[in-house]
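One structure is given here, and the rest of the page talks about it.
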Amino acid sequence: MTPPDDFTALYERFSQAVYRTALRITGRPEDAEDALQTVFTRVLRQGARIDEAQAPEGYFRRAAANAALDILRGRAHRAEAQLDESLPHAAADASPYLKERLRRALATLEPQDAELFALRYIEGVSNTEIAEMYGLERSTIGVRLHRIRRWLQEELER
């Protein structure tokens, strides 16, 4: 079966962003590839048409974060993951052990909380952009992220 032209155009336009998002979250190229495949398989199966009015970049970033977090939850029992030197922000200076602990802690969060954290602190999406993606107030996103950070900090201190 040949994918529709719309699907091919979406893949060509957003596949690298999906892969990079998933790689930053999972820390493993093979997991990022799995997430990439999952995201686009879902789009193809659902026959979803994503037009410009639906903010496709935000959709694909969220989908990539969700797929990557699902993979983290699935591998929570595995040994320490490979270090990913491409993580942005302060996480780039963290030790491989700390990164793995953070990934495991993220896997235990409620799915939307993990997604919010990943989008903001791993992907670098602004609070304003996240608020638009979720249809929430910017201040609501800020409060939720503060609570998530506090919980993660306590979890990592244990």
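Among 102-112, 28-38, how do they line up by average Cβ neighbours within 10 Å per residue, starting with the highest?
Highest to lowest by the protection proxy: 28-38, 102-112.
Could you sort 119-128, 14-23 so that the peptide with the highest average Cβ count within 10 Å comes first and the rest follow in order? Display every interim value, and only then the final one.
Numbers: 119-128: 18.4, 14-23: 20.3.
Going from most to least packed, we get 14-23, 119-128.
Coordinate-derived values only; no laboratory data. Not measured: the values here are computed from a predicted model. Quick reminder, even Gly has a Cβ in these numbers, built from the backbone with ideal geometry, and neighbours come from all protein chains shown.
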